[in-house]
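Below is one structure; the comments refer to it alone.
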Amino acid sequence: MTELWDFLRGALMSKALAAVVDVGVPEALANGPRPVSELQGDPDTLHRLLRALASDGVFRETEPGVFEHTEQSQRLLDPGWTEFAHLFGGVFFAATTDLDASTAEAPFPGRFGTGFWEWLAEHPAERATFDAAMAGERLRPAERLADLEWREGEVVVDVGGGNGALLAALIQVRPELRGIVLDLPETVRDEAALGDRIQFVAGSFFESVPEGDAYLLSGILHDWPDEDAARILRTIRTAAPQHARLLINESVIRPGNDADGAKWLDLLMLVLAGGRERDEAQWRELFASTGWEPVRFPEGGPIEARPG
């Protein structure tokens with residue numbers, strides 16, 4: 001009963017969190033409790049939003065009309081979380097309202113009149129928010145990548161690497177590496193912050209990628225249906241020397257009914273751009289059709305493949 005009710009009210013939860021994030025509540029409470037009268041927004045509406053969120057452990061009402069952070073809401077101060085809250089309560093939410101089990105088509109173009117990536121290019125502020133969201137929470141995948149075996153001077157090409165946050169985190173731990181970030185020219189970035197060991201190259205991974213020793217794809221292939229994902233992998237295979245390796249920071253959907261965030265992320269990929277999360281068999285099929293040989297599918301990633 002409780003779980004079913006959570007599903008029914010889930011849309012309200014997303015919108016409520018986005019609403020308080022968009023008026024700066026997480027930052028306003030960073031230094032301790034404050035009354036709603038001191039926060040941005042309508043005090044009555046803000047009180048009702050925060051009261052509802054607090055009932056599920058996101059913020060806490062310490063006395064009538066006064067709120068503070070909880071362990072859960074404190075996460076909103078970490079990189080990427082407020083941006084994700086904005087997206088899930090905004091453009092992601094709007095696209096999801098048209099999710100329809102009777103069609104295989106992504107709802108986004110029908111709702112917005114253009115594809116998701118084209119829409120982002122037309123809305124620079126949303127593009128900046130998206131890039132910041134993608135850059136958040138890079139420490140864990142960077143640590144996993146750093147634990148792999150590397151040779152001195154290897155060049156890591158981060159394909160679709162956004163603002164370079166993941167590659168910068170990797171090279172901070174592995175300073176013997178050099179890096180190239182490939183992404184669209186409109187990507188919001190600070191090239192000076194990348195340092196002298198990372199180069200930004202503007203371009204499309206559908207057309208060409210720089211030569212390197214390792215190719216990193218972090219949250220890229222799941223954005224695309226199989227035919228487009230295959231085009232990306234073929235583009236990389238064309239540039240990759242025989243000794244190169246492919247490192248993919250993405251989910252592998254596991255069988256069974258255990259809790260699995262990847263199965264929900266799969267629906268978001270369907271909604272936005274017709275993409276998908278993949279199980280191991282689907283990954284193997286994608287590699288086989290694009291000239292790559294899978295090496296391993298470790299729990300938590302990264303997936304690794306070599307030229308076939």
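Values in this text are rule-based calculations from the coordinates and carry no lab data. Remember, it's a predicted structure, so these values are computed and weren't measured experimentally. Cβ coordinates were reconstructed from backbone atoms using ideal geometry, including for glycine residues, and neighbour counts include every protein chain displayed.
When a/c is below 1.5 the answer is rounded, else prolate if a/b is larger than b/c, else oblate, so apply that to the stretch 211-250 with a ≥ b ≥ c taken from the square roots of the Cα gyration tensor eigenvalues.
oblate
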The stretch 2-77: relative contact order from alpha carbon pairs under 8 Å, six or more residues apart, as a whole percent, is 30
nm² value of the averaged projected area, convex hull over the Cα atoms of the stretch 263-308: 3.6
Can you tell me what share of the DSSP beta bridges in the chain is antiparallel? A percent to the nearest 5 is fine. 40
Regarding the stretch 2-77, what's the average projected area of the Cα-atom convex hull, expressed in nm²? 4.8
Which of the GluC sites (Glu not before Pro) found in the stretch 88-129 are in a DSSP loop and have at most 14 neighbouring Cβ atoms, other than their own, within 10 Å? GLU105
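For the chain, what is the calculated [θ] at 222 nm in deg cm²/dmol (nearest 500), taking -39500 (n - 2.57) for each run of four or more DSSP H residues and dividing by its residue count?
Rounded to the nearest 500, it is -12000 deg cm²/dmol.
Can you give the charge dipole size of the chain about its Cα centre, rounded to the nearest 20 debye, using +1 on the beta carbon of Lys and Arg and -1 on the beta carbon of Asp and Glu?
Dipole size: approximately 280 debye.
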Taking Rh as the Kirkwood radius, which is the inverse of the mean 1/r over Cα pairs, what is the Rg/Rh value for the stretch 189-263? 1.05
What nm value, rounded to one decimal, do you get for the distance between GLN40 and GLN172 when each label is placed 7 Å out toward the C-beta? 2.7
Placing +1 on each Lys and Arg Cβ and -1 on each Asp and Glu Cβ in the stretch 2-77, then taking the dipole about the Cα centre, the residue among ALA30, LEU46, THR70 whose Cα reaches farthest towards the positive end is LEU46
Here the stretch 184-308 gives, from Cα atoms, an Rg and Dmax in Å of 15.2, 47
To the nearest µm²/s, what D does Stokes-Einstein give for the stretch 53-128 at 37 °C and 0.692 mPa s, using the Kirkwood radius over alpha carbon pairs as Rh? 220
In terms of the alpha carbon gyration tensor, root eigenvalues a ≥ b ≥ c, rounded if a/c is under 1.5 and otherwise prolate when a/b exceeds b/c or oblate, the stretch 123-273 is rounded
On a 0 to 90 degree scale, rounded to 10, what angle separates helix 226-239 from the longest Cα axis of the chain? 50
Give me Rg/Rg_expected for the chain, where Rg uses Cα atoms only and Rg_expected = 2.2 N^0.38 Å with N residues. 1.08
Return a whole-number percent for the relative contact order of the stretch 134-307, with Cα pairs under 8 Å and 6 or more residues apart as the contact set. 19
Between the Cα axis of helix 10-22 and the main Cα principal axis of the chain, the angle (0 to 90°, nearest 10) is 90
Please report, in debye to the nearest 20, how large the charge dipole of the stretch 2-77 is about its Cα centre when each Lys and Arg carries +1 at its beta carbon and each Asp and Glu carries -1 there. 100
Relative contact order in percent for the chain (Cα pairs under 8 Å, 6+ apart) equals 13
Along each of its three principal axes, how wide is the spread of alpha-carbon positions in the stretch 109-169, in whole angstrom units, largest first? 47, 19, 18
Packing-based exposure ordering (other Cβ within 10 Å, fewest first) of THR129, THR62, THR2: THR2, THR62, THR129
Long-range amide H contacts for ILE253: which residues qualify at under 5 Å (H placed 1.01 Å from N, peptide plane, sequence gap of 5 or more or a different chain)? ARG278, ASP279, GLU280
Taking each pair of distinct Cα atoms in the stretch 50-200 once, what is the resulting Kirkwood hydrodynamic radius in Å? 18.1
